[in-house]
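In what follows, a single structure is set out as structure tokens and then discussed.
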Amino acid sequence: MFRKLFRYSKGYRLQTILSPICVTIEAIVEVLIPLLMSEIINNGLGTGTTPANLNIIWECGLLMVILAFVSLLFGILSGVFATKASAGVAKNLRKDMFQSIETYSFSNIDSFSTSSLVTRMTTDVNNVQMAFQMMIRILFRAPILFITALVLTFIKNWQIALIFLAFCPFLLGVIIVIMMRAHPYFKVMFKKYDRLNLVVQENVNAIRTVKAFVTEEEEKEKFYMSSNDVMTYSKKAEKIIILQQPLCQLIMGAANIIIILVGAHMVVENILGTKYGDITLFIMYAQQILSSLIMVSMVLLNIVMSRAALERIFEVIETKSDLVNPENPVYDVADGSIDFKHVFFSYSKENKKPVLKDINIQIHSGETIGIFGGTGSGKSSLISLISRLYDASEGEVFVGGRNVKEYDLFTLRDQVSVVLQKNVLFSGTVRSNLLWGNENATEEEMMEVLKLASADEFILTKEEGLDAIVEQGGVNFSGGQKQRLCIARALLKKPKILILDDSTSAVDTATDAKIRAAFKSYIPSTTKIIIAQRISSIMDADKILFLDKGEVISFGTHEELMKENEIYREITNSQMKGIADESDSVKKGEN
Amino acid sequence: MPPMRGPAGAKVEHPFRIIKRVFQMIFHVHPIALYVVFALIIASSLCTTFALSFLSRIVDVLVNYLDAHGTFVGFDFKEILIPAFCMAGFYLLLAIFTYIYARIMMNISQDTLKKIRDDLFAHMESLPLRYFDTRSTGAVMSLYTNDVDALRQMISQSIPQILSSLFTIISVLVVMIIYSPVLTLITVTLTTILVIVTRFLTKRSGKFFLKQQRDLSRINGFCEEIFEGQKVVKVFNHEEKCNEEFEEINNGLEHSNYFANMFSSLVGPVANNIGYLSFALTTIIGALLFIHKPVLFGWTITLSIGQLSGYLAFVKNFSMPISQVSNQVNFVMMALAGAKRIFDVMDEKSEVDEGDVTLVNVRSDDELTECEEHTGHWAWKKYRDGQVTLVPLKGDVRFFGVDFGYDDKKIVLHDISLYAEAGQKIAFVGATGAGKTTITNLINRFYDVQDGKIRYDGININHIKKKDLRKSLGMVLQDTHLFSGTIAENIAYGKKNATREEIEKAAHLANADHFIERLPQGYDTYITGDGENLSQGQRQLLSIARAAIIDPPVLILDEATSSIDTWTESLVQKGMDSLMKGRTVFVIAHRLSTVRNSNAIMVLENGRIIERGDHEDLLKQKGKYYQLYTGAFELE
């Protein structure tokens, strides 16, 4: 898992390598300093018979000062390199995640919530960045301190060194056991955190529903419960973690005492030429060795905690779109004809009840097709198969005479323009939103599509015109205005197939008719598929597809459907009742 | 109501006031425990100091026995065993104290954090809608993640760390002065340099940390918007463009992130190596003092070898806590910023609720009697002059000259007067922004009127308890929001203890039963992400079922059927009509076919009622409604 992480140091390799090198030099120099100190105490001060040696004091002393500066320099360098590298890794991770998300298919998008993706891109990446920085600094520094101190002790006094070594397994054992036991609790805790955040998000988004239904108390209970879960599991994990410090202190203390006693014994018996200055040295080394082990353990702990975050990050990066480009994609869509052959579709594999059942229809290029059906009859699902937003579960969908799976996805979606039911305008200007349809669109082209979509009037009344500000989600435009801007945006693509998924529901009938008339005269060769609730929006289509519970009930002209389909007739009559007596005026309104 | 971003990354102005408040919260949860922790921290840092001081004693014992030939004469090992045992004792005590205070501190911090989260949430639920109008979801959510997290770091790590470091520094300093005041001077001088350098570095990084938080929130906002509209991105092949835009923001974050962390990462090596520098200088000067034994003002300044060895060990123990404290500085800065944001929310004023009239179920035989069970009849329970009176709930709502604006500068409703008599169906028609939804928001007191009066069954709605007022109004809101949970749970949202039968009945009434039964697990299908996989129409049907199950005395339908096909809508309407028979219904709709059979239709324009009457009346008036109906005028 972490080896994979190092691949993300791309562009920051040099810093990633230099940081541990600098840290190594810093650590080695650091170990030498106490050595010089013991030299001064042992041989510089002089006792009894041996006279004091000022040369040793000055030489060693100056060397110590120089070494301290050398270590400072490399310490700073390693800090600079490590932060540069880790900031770079974080940047690369965010970039890869974002790019990966951009390749997701609709069904991939459905399986991640926005809030979870955003958390992964920010909080999780921050955690990993911290861990990475520690890895290339402390994770090198600590073992180097450990090894050099141990080696130097071995040279001076191998028996003391053995004592050091004897303590290491205890310390490591304690740390490993603690981490292994705490990790599963941390994992659960993170899950509980997700749940807590979900409650907050839902409450903020649906605060009006909460207040209207007076469910504040229930919501609070819900929150308290997940808040309690977070606390319980944090406590369970931390209860284990806090054992580490006192246990390490005990081991350190024991090591100190044994070294002092053994050291004193050696000094007295003059074993291996041990001197009293060495005792201080050994104790300092003991501290260095054991504290470096503790440091390693702290870093490992952080790494363990960030492993959960890293897993969540890689999940995003490694989720591959389940819609992939074919090997030799076709880059040209011949025309706007569409064929459905025995198409079945369901959103998930487990779902046994398909949303679409055995769809067989043929649409010729340039036709206008109306799709009509009750709520949840599968209209939106049907059209999403045309531009391969989803793949059919069974059967085949053909566009321009070829299976949609043969096309290059970019080409296909460029030629099939869909105005989604839940459509979105992005923060920016009217112009920046329109440019989504075609980056290189000229001012004239933009005005033309706005006119086609009957959106020119309200844009022109705005002082800033095309540069009028659009706020996130287009909240500063009314529902009908948003819909017309979305249609204009889709038209800029000059597609071979244009699909409107209930895109004029908030537009009044007269304007709706005007838009359809414009389609007829300006883009006659484009296949137009219109999903609508209003019969008036589709009754003049070449053919009407009547869907019910995922099945085709009828497919024919308005007149044919009126004749053969009772439900259609009934609905038409009920809808026309209001409009029929006024239909003359409607026509008037059009002119 | 354009969403505005909450103030981000504001500067912390009164850090001590915030720290005080954090401590107040801690003391509120555990009044005594923190004192115990203080005591234990002091005790454990004393233990560290004492344990180390035995080292110099042992070295001195050794040196004492050293004779002129460099051999030890008459040395008894027992003499150093006693100090060694003392040392062991102190280490044992240290471990015990450390464990106990860590354990207590863990409980304190976790309990305090839970309290902060819970208080924050409870307070948030009580805030008026105005609060939410001006903040994005992401901004509110980050209170619970980033800000509470920063506080966690401070309470559970920084506070004990800083406290124990401070006590260690003080006790080590005392011992150092006892050993050698001259050497202490060197150590203190170098430490002062260290503090100055650290302050410089943290100041620098602090500036970049603020910038980093801003960049972080920028990336947050960008990702939220793009991911939310990801399907549109796909449909328009806009992935590359988004990648480019993201790259730019991402690079900006990398820059501020690097500088913030770079400066703070230097604190470690600087503190560490200034420690070594001070170590080197004290060794030299200590050695010189030992040899030359200079006399200053009649004082011989010198020290024993044992004192020098011990002192040197202490120098290391002195610089370590200092660098530990300096490492915590950034965490504390971040935590203070987080705490400030949290306290700002907690200081927001809750919704005012001065009403005392409550809603009760009644049995209406001859006389009204209050009862527990649901009877389908309600009454308002008034307390006046110690007397309790029951006023039957009829659903008679009247507005008298109501003015309203979301802020004082811009009035959106002007002089609205209307009478909805019990059992009537009242419709509001008008362009987006004409004020239709606003009127219903005043009935349920999501907002309070600026001027004028609203009477509900003759009672000033300000006198009705908000909770009861809202319970009396079934609302189907413009935006359907579903909660994570099963379909059944979502339908029973306003009625926790509803039986499966009631749920199915409500679903049937809302005509939602057909599609629910076709879902893989039917009513037990789990909904996530606000019902992403359901169509808009299906979500609206669920929302209607949710209102139907509470069987409300008054119903408000705000564009409740806008995404439902007219065929299904007529079925839904039939169901709702039978449910609401004799009860008052307010309808807001875009589709005129939805409002046609209303008793009264109010046509709104720019916050004023310009026409009123039933369908026939309005057509005869040949005004705006007529134009709308005939399509001569556009509803925008």
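The values are calculated or read from the model by the stated rules, or taken from the named source; none is laboratory data. Just so it is clear, the structure is predicted and the values come from calculations on it, not from any experiment. Note that each Cβ is placed from the backbone with ideal geometry, even for glycine, and that neighbours are counted across all protein chains shown. In case anyone asks, the SASA skips ligands and DNA or RNA and just uses the protein heavy atoms, side chains included. Shrake-Rupley method; radii C 1.70, N 1.55, O 1.52, S 1.80 Å.
Anything in region B:366-389 that is outside any strand (DSSP E or B) and free of Cβ contacts under 8 Å to residues at least 60 places away in the same chain? List them, or say none. Within region B:366-389, B:Asp366, B:Glu367, B:Glu372, B:Glu373, B:Thr375, B:His377, B:Asp385, B:Gly386 meet the criteria.
Selection within region B:479-515: residues that are within 10 Å of another protein chain (Cβ to nearest Cβ) and more than 23 Å from A:Leu198 (Cβ to Cβ). The member of this set that is surrounded by the most Cβ atoms within 10 Å (Cβ to Cβ) is B:Ala512. Among helices (runs of 4 or more DSSP H) entirely within region A:377-488, having at least 2 residues that are touching a helix residue (DSSP H, G or I) at 6+ places or on another chain (Cβ under 7 Å) and within 26 Å of B:Phe227 (Cβ to Cβ) singles out A:409-415, A:430-434.
Every residue, every condition in (1) surrounded by fewer than 24 Cβ atoms within 10 Å (Cβ to Cβ); (2) at pLDDT 85 or above, yes or no:
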{"residue": "B:Gly522", "(1), (2)": "yes, yes"}
{"residue": "B:Ala545", "(1), (2)": "no, yes"}
{"residue": "B:Leu555", "(1), (2)": "no, yes"}
{"residue": "B:Ile564", "(1), (2)": "no, no"}
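Of everything listed in (1) open to solvent by 10 Å² or more (accessible area, probe 1.4 Å); (2) within 14 Å of chain B (Cβ to nearest Cβ); (3) over 25 Å from A:Ile538 (Cβ atoms), the single unmet condition for A:Val470 is (1).
Here B:Phe314, B:Phe279, B:Phe246, B:Phe343 are screened, and the one residue that is in a helix (DSSP H, G or I) and away from chain A (no Cβ under 12 Å) is B:Phe343. Residues in region A:204-238 that are open to solvent by less than 40 Å² (accessible area, probe 1.4 Å) and of a type in the set (Asp, Glu): 3 in all. So in region B:1-22, with the set limited to residues that are open to solvent by less than 50 Å² (accessible area, probe 1.4 Å) and in a helix (DSSP H, G or I), which one is modelled with the lowest pLDDT? Looking at residues that are open to solvent by less than 50 Å² (accessible area, probe 1.4 Å) and in a helix (DSSP H, G or I), I get B:Pro15. Output yes when any residue across region A:466-476 is in contact with a Lys or Arg (Cβ under 8 Å, 6 or more places away or on another chain) and of a type in the set (D, E, K, R), and no when none is. The answer is yes, given that some residue of region A:466-476 is in contact with a Lys or Arg (Cβ under 8 Å, 6 or more places away or on another chain) and of a type in the set (D, E, K, R). Taking into account only those residues within region B:348-373 that are open to solvent by 70 Å² or more (accessible area, probe 1.4 Å) and over 35 Å from the mean Cα position of the chain (by Cα), which is nearest to B:Val449 (Cα to Cα)? Among those residues, the one meeting the criterion is B:Glu370. The sole residue among A:Ala166, A:Ala182 that is hydrophobic (A, V, I, L, M, F, W, C), open to solvent by less than 60 Å² (accessible area, probe 1.4 Å) and within 14 Å of another protein chain (Cβ to nearest Cβ) is A:Ala182. When A:Lys482 is tested against (1) crowded, with 19+ Cβ neighbours inside 10 Å; (2) at the interface with chain B (Cβ under 9 Å from one of its Cβ atoms); (3) more than 27 Å from the chain's Cα centre (by Cα), exactly one condition is not met: (2).
Of the residues making up region A:489-518, those that are assigned to a helix (DSSP H, G or I) and closer than 24 Å to A:Gly376 by Cα are A:Thr509, A:Asp512.
In region A:1-33, which residues are outside any helix (DSSP H, G or I) and out of contact with any Asp or Glu (no Cβ under 9 Å at 6 or more places or on another chain)?
Answer for region A:1-33, where residues must be outside any helix (DSSP H, G or I) and out of contact with any Asp or Glu (no Cβ under 9 Å at 6 or more places or on another chain): A:Lys10, A:Gly11, A:Tyr12.
Here is a yes/no grid of residues against (1) surrounded by fewer than 20 Cβ atoms within 10 Å (Cβ to Cβ); (2) within 9 Å of chain B (Cβ to nearest Cβ); (3) more than 22 Å from the chain's Cα centre (by Cα); (4) not aliphatic (A, V, I, L, M):
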site: A:Ile33; (1), (2), (3), (4): no, yes, yes, no
site: A:Asn43; (1), (2), (3), (4): yes, no, yes, yes
site: A:Val128; (1), (2), (3), (4): no, no, no, no
site: A:Gln133; (1), (2), (3), (4): no, yes, no, yes
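On the given criteria, is B:Ile178 more than 8 Å from chain A (Cβ to nearest Cβ), open to solvent by 60 Å² or more (accessible area, probe 1.4 Å) and without any contact (Cβ under 8 Å) to a residue 40 or more places away in the chain?
The answer is yes for B:Ile178.
Of all residues in region B:574-589 being in contact with a Ser or Thr (Cβ under 8 Å, 6 or more places away or on another chain) and under 15 Å from B:Ser543 (Cβ atoms), which is surrounded by the fewest Cβ atoms within 10 Å (Cβ to Cβ)? Residue satisfying both the conditions and the ranking: B:Ala589. Scoring B:Thr528 on the criteria (1) in contact with a Phe, Trp or Tyr (Cβ under 9 Å, 6 or more places away or on another chain); (2) at pLDDT below 85; (3) of a type in the set (Val, Ile, Thr) leaves a single failure, condition (1). The residues of region A:75-89 that are open to solvent by less than 50 Å² (accessible area, probe 1.4 Å) and facing chain B (nearest Cβ under 8 Å), listed by number, are A:Gly75, A:Ser78, A:Gly79, A:Val80, A:Ala82, A:Thr83, A:Ser86, A:Ala87, A:Gly88. Against the condition assigned to a helix (DSSP H, G or I), at pLDDT 80 or above, open to solvent by less than 30 Å² (accessible area, probe 1.4 Å) and hydroxyl-bearing (Ser, Thr, Tyr), how does B:Ser265 come out, does it pass? Taking the combined requirement at face value, the residue satisfies it.
Selection within region A:90-110: residues that are surrounded by fewer than 23 Cβ atoms within 10 Å (Cβ to Cβ) and touching a Gly at 6+ places or on another chain (Cβ under 9 Å). The member of this set that is farthest from the other protein chains (Cβ to nearest Cβ) is A:Asn92.
Quick one: which residue in A:Gln201, A:Gln249 is in a helix (DSSP H, G or I), on the phi < 0 side of the Ramachandran plot, in contact (Cβ under 8 Å) with a residue 40 or more places away in the chain and surrounded by 21 or more Cβ atoms within 10 Å (Cβ to Cβ)? Write out each step before concluding.
Details: A:Gln249 fails: in contact (Cβ under 8 Å) with a residue 40 or more places away in the chain.
Step by step, each of A:Gln201, A:Gln249 is checked, and only A:Gln201 is in a helix (DSSP H, G or I), on the phi < 0 side of the Ramachandran plot, in contact (Cβ under 8 Å) with a residue 40 or more places away in the chain and surrounded by 21 or more Cβ atoms within 10 Å (Cβ to Cβ).
Pairs meeting the criteria (first residue in region B:87-100 and without any contact (Cβ under 8 Å) to a residue 12 or more places away in the chain and assigned by TED's automatic domain parsing to the domain that holds B:Ile42, second residue buried (at least 17 other Cβ atoms within 10 Å of the Cβ) and β-branched (Val, Ile, Thr), beta carbons under 9 Å, at least 6 apart or on different chains) are B:Ala88/A:Ile257; B:Tyr99/A:Ile242.
Scanning region B:461-505 for residues that are among the small types (Gly, Ala, Ser) and closer than 30 Å to B:Arg398 by Cβ returns B:Ser472, B:Gly474, B:Gly494. Criterion applied to B:Lys78, B:Lys114 was being in the same structural domain as B:Ser217 (by TED's automatic domain parsing), among the charged types (D, E, K, R) and modelled with pLDDT of 90 or more, and the one residue passing it is B:Lys114. A Cβ distance below 6 Å, combined with a sequence gap of six or more or placement on separate chains, defines the contacts here; from region B:141-166, residues that are outside the structural domain of B:Gln328 (by TED's automatic domain parsing) reach no residue that is at pLDDT 85 or above and open to solvent by 20 Å² or more (accessible area, probe 1.4 Å). Does region B:390-430 hold any residues that are in a loop (DSSP other than H, G, I, E, B) and farther than 18 Å from B:Tyr447 by Cβ, and which are they? Listed by number, the residues that qualify are B:Leu393, B:Lys394, B:Gly395, B:Asp396, B:Glu421, B:Ala422, B:Gly423, B:Gln424.
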